[in-house]
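Bear in mind these aren't lab numbers, they're just calculated from the coordinates by the rules spelled out. Just so you know, these numbers come straight off a predicted model, no measurement behind them. FYI the Cβ positions are ideal-geometry reconstructions off the backbone, even for glycines, and counts take in every protein chain you see.
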Amino acid sequence: AMAGGLAARRHGESDKAAILAAVEQCQHAAEKNGTDQYYYENGIFHRAIYTASHSGFLEEQCVALQRRLRPYRRLQLRVRNRMKVSLAEHCEIVDAITAGDAQKARLLLRHHIAAVQGNRFGDLLATLRP
């Protein structure tokens, strides 16, 4: 969320292009219902936001956390409609960042992350078989 807020304030044209290209690739993967491909494109999307924050320390910390959560982040895409919802959230986040609305970008990213870590975690556990 912090990276998204900073990206909204600090992004340049190349950052904007990278974010737009990444969300477009997420969309292509979602249209093909390719959860594996979406997983990789999702990582690129989030990295583009970290980079656009222009905070090397924050980017480093976000990447480390993303790497640590990799197994769970991949599994959460198995929850029904998660990929479609994730893409819609990505589009809203992109709109906030490109509009320079740091507060909205932060709120949307908090919601995006909470959706994965909150109720959706229980949904995921319910779908896994022992």
So what is the relative contact order of the chain, in percent, for Cα pairs below 8 Å that sit 6 or more residues apart?
-> 38 percent
Here, residue 63 and residue 32, labelled 7 Å along Cα→Cβ, have an inter-label distance in nm of 2.6 nm
Intensity falloff of the chain expressed as log10 I(q)/I(0), Debye formula with alpha-carbon point scatterers, at q = 0.13, 0.16 Å⁻¹ | -0.50, -0.75
Expressed as a percent, the portion of alpha-carbon pairs in segment 31-91 spaced more than 12 Å apart is 70 percent
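Helices from the chain with mean Kyte-Doolittle at least -0.5 and a Cα length along the axis of 20 Å or more, per DSSP H: which? Let's see the in-between values first.
Values: long enough: 13-31 (27 Å, -0.16); 35-52 (25 Å, -0.74); 82-98 (24 Å, 0.33); 102-117 (22 Å, 0.06).
Helices passing the filter in the chain: 13-31, 82-98, 102-117.
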Under a plain spin-label model, where a point goes 7 Å from the Cα along Cα-to-Cβ, how far apart in nm are residue 114 and residue 72?
-> 1.6 nm
For the chain, what does -39500 (n - 2.57) per DSSP helix run (n ≥ 4), summed and divided by total residues, give at 222 nm, in deg cm²/dmol to the nearest 500?
-> -26500 deg cm²/dmol
GNM on the chain, Cα springs under 10 Å; top mean-square fluctuation among 25, 61, 76 goes to 61
